[in-house]
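**Q** Before I ask anything, let me first share the structure, which is written out below as structure tokens.
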Amino acid sequence: MKKMRVLRPALLALFAIVSAVLLSRIVPLPEWFSRSSTTVIRLYDREGDLLFVRSLSPDAIRERVSLDAIDPLLVRATLAAEDRRFFRHPGIDPLALSRAAWRSLVHRHPVRGASTITMQLVRFSRGRPVGIADRASEILWSLVVEAHLSKREILEEYLGRAPYGGTIAGVGAASRRWFGKSPAALAPAEAALLAALPRAPGRCHPVLHPSEARAARNEVLRRMGRLGWIGEDALEAALTSDLGLVRMDAPPPSHLAEWLLRSLGSSAREVRTSIDPRAQAAAEDALREGC
């Protein structure tokens, strides 16, 4: 009898999970999960280096990037930072949830850390839960998402919607903003910083809080090292490197930007201009000295 009293809660929990998974397969994806991206215009100089990126949306710069165009190192860093068992759970991680529940019971206050990538994707799309009912709803919607999308599609959606500081959402815009490059070829330190930012995009803002950003990046790197996802030499080099940010917030000549906006309308474009970067830098230096 004592054994049955111990097993009964576990069996009920297992039954609830199996029932929810089966139910999720007949529930369609909700409207608020619609896949969307904002329109951006990127300006390049005559040598192909990015000069400026501007969003045509009033809220955030967000652009969808195919998983094929994202460095696998960033995918591994994201899994290390957020959800290392991502490919082995149905949208919720029972082990992580159990640990979080136990720590909450012991410490007498909610403990974070049990959210899977799928749960976070639901949160990015629907909004942060504010109570137990919302949290339960988030779990159920995560099961629905897993029932309709492949793991690859979920990763692509997550990387396309996650917040990366300021008004930047999506790894494509983030990689260009912080490193001046596409997310197709990232150094280990760059991939780790991008993986760390969605956890606390305000507290770890690379420009406003560089020490916090570096600490968060290094924690991701150490996790990758413990998982064997990065070599020892590459790990040591990345841990001691600086953030490697590039300055991307200086606008191009206003008349050029306004002309391009009028000419291109609302279509997302990548525009290669005839601007000579050396001549442009010299002109900007002369203008600053004159002021």
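The values are calculated or read from the model by the stated rules, or taken from the named source; none is laboratory data. Keep in mind that this is a model prediction, so the values were computed, not measured. Backbone-built Cβ (ideal geometry, glycine too); neighbour counts: all protein chains shown. Heavy atoms of the whole protein, side chains included, go into the accessibility calculation; ligands, DNA and RNA do not. Shrake-Rupley method; radii C 1.70, N 1.55, O 1.52, S 1.80 Å.
**Q** If I ask for residues that are in contact with a helix residue (DSSP H, G or I) (Cβ under 6 Å, 6 or more places away or on another chain) and farther than 22 Å from ALA169 by Cβ, which ones from the stretch 202-226 would you list?
**A** Once the filter is applied, which keeps residues that are in contact with a helix residue (DSSP H, G or I) (Cβ under 6 Å, 6 or more places away or on another chain) and farther than 22 Å from ALA169 by Cβ, the stretch 202-226 yields ASN218, LEU221, ARG223, MET224, GLY225.
**Q** Filter the stretch 174-217 down to residues that are surrounded by 24 or more Cβ atoms within 10 Å (Cβ to Cβ) and of a type in the set (D, E, K, R) and give me whichever is farthest from VAL65 (Cα to Cα).
**A** Going through the qualifying residues, I end up with ARG217.
**Q** Look through VAL220, VAL171 and report the one residue that is modelled with pLDDT of 95 or more and buried (at least 16 other Cβ atoms within 10 Å of the Cβ). Let's see the steps before the verdict.
**A** Numbers: VAL171 fails: modelled with pLDDT of 95 or more.
That would be VAL220, the only listed residue that is modelled with pLDDT of 95 or more and buried (at least 16 other Cβ atoms within 10 Å of the Cβ).
**Q** Test GLU157 against the stated conditions and say whether it is modelled with pLDDT of 95 or more and either closer than 26 Å to PHE124 by Cα or open to solvent by less than 20 Å² (accessible area, probe 1.4 Å) (or both). Let's see the steps before the verdict.
**A** On the way: modelled with pLDDT of 95 or more: no; either closer than 26 Å to PHE124 by Cα or open to solvent by less than 20 Å² (accessible area, probe 1.4 Å) (or both): yes.
The answer is no for GLU157.
**Q** Would you say ARG123 is in a helix (DSSP H, G or I) and either open to solvent by 50 Å² or more (accessible area, probe 1.4 Å) or modelled with pLDDT under 85 (or both)?
**A** Working: in a helix (DSSP H, G or I): yes; either open to solvent by 50 Å² or more (accessible area, probe 1.4 Å) or modelled with pLDDT under 85 (or both): no.
No: the conditions fail for ARG123.
**Q** Now for a separate question. On the basis of being of a type in the set (Ser, Thr, Tyr), crowded, with 21+ Cβ neighbours inside 10 Å, modelled with pLDDT under 90 and closer than 28 Å to ILE230 by Cβ, does TYR164 make the cut? Show your work before the answer.
**A** Numbers: of a type in the set (Ser, Thr, Tyr): yes; crowded, with 21+ Cβ neighbours inside 10 Å: yes; modelled with pLDDT under 90: yes; closer than 28 Å to ILE230 by Cβ: yes.
It is true that TYR164 is of a type in the set (Ser, Thr, Tyr), crowded, with 21+ Cβ neighbours inside 10 Å, modelled with pLDDT under 90 and closer than 28 Å to ILE230 by Cβ.
**Q** Also, quick follow-up: Could you identify the single residue in ALA147, ALA136, ALA96, ALA114 that is modelled with pLDDT under 70 and assigned to a helix (DSSP H, G or I)?
**A** On the way: ALA147 fails: modelled with pLDDT under 70; ALA136 fails: modelled with pLDDT under 70; ALA114 fails: assigned to a helix (DSSP H, G or I).
When all the criteria are applied, what remains is ALA96.
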